[in-house]
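Worksheet: the structure to be examined is printed underneath.
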Amino acid sequence: MRKLFIAAKVVIFTAFKRDYMQEGKRQKQVAGVIQEALNDIFVRMGLNMMNGGMVSISQVKVTPDLLEARIYLSLFQVSDREQTLVVFEDRRPEIKKELSARVKQQLRRMPELKFFHDDTLDHVFRIEEIFRKLHDGKDSDSTPDQS
């Protein structure tokens, strides 16, 4: 029983490592092609500026079977993020049609597009604010008292 349990753990870890930790060469190539084409499509369709802010593609991840592309959108100073993602979901068929016309020579099947919010930029701003507060607090502590 113990050997079976250990073997199951090894199989699960190997599958996890293969699927999620390593991205194959073809996956990276397809993701690069999709990202480059989508950048042009967003500019042409006016999707790069929405709700008072800028939308850009921070990353594209493609599943190992190349049937799903996860597009991570960086939303800079966008007033309503949920509404922006809804707009992308509503326009997904139009975006997919344009994308398939551009990459039909390079891909056999067009992957299903899924849009996600990439909050890395939010984390960067939050960390910078913390550092700024720490730095300001350090400066006020180091000034000599005039009393």
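Could you give me the residue pairs with C-beta distances under 6 Å whose first residue belongs to region 32-59 and is on the phi > 0 side of the Ramachandran plot, whose second residue is surrounded by 13 or more Cβ atoms within 10 Å (Cβ to Cβ) wherever it lies, and which are 6+ apart or on separate chains?
51/78; 51/80; 51/84
Mind checking which residues of region 69-110 are surrounded by 15 or more Cβ atoms within 10 Å (Cβ to Cβ), under 17 Å from the mean Cα position of the chain (by Cα) and over 15 Å from residue 42 (Cβ atoms)?
The answer is 70, 81.
Return a yes/no flag: does region 16-33 have any residue that is over 19 Å from the mean Cα position of the chain (by Cα) and either at pLDDT 90 or above or of a type in the set (Lys, Arg) (or both).
Initial filter on region 16-33 (over 19 Å from the mean Cα position of the chain (by Cα)): 16-18.
Add one more test, that the residue is either at pLDDT 90 or above or of a type in the set (Lys, Arg) (or both), and what stays is 17-18.
Yes - at least one qualifying residue is present in region 16-33.
Does residue 55 fit the bill of being crowded, with 17+ Cβ neighbours inside 10 Å and closer than 24 Å to residue 22 by Cβ?
No; evaluated as a whole, the condition is false for this residue.
Can you run down the residue pairs with Cβ atoms below 6 Å, 6 or more apart or on separate chains, where the first is in region 99-117 and closer than 29 Å to residue 77 by Cβ and in contact (Cβ under 8 Å) with a residue 60 or more places away in the chain and the partner is in a helix (DSSP H, G or I) and of a type in the set (A, V, I, L, M)?
Correct list of pairs: 99/37; 102/37.
Out of (1) within 19 Å of residue 28 (Cβ to Cβ); (2) surrounded by fewer than 11 Cβ atoms within 10 Å (Cβ to Cβ), the odd one out for residue 127 is which?
Of everything listed in (1) within 19 Å of residue 28 (Cβ to Cβ); (2) surrounded by fewer than 11 Cβ atoms within 10 Å (Cβ to Cβ), residue 127 misses just condition (1).
The values are calculated or read from the model by the stated rules, or taken from the named source; none is laboratory data. The structure displayed is predicted, hence computed values, not measured ones. Because the Cβ atoms are built from the backbone with ideal geometry, glycine has one as well, and the counts that use them run over all protein chains shown.
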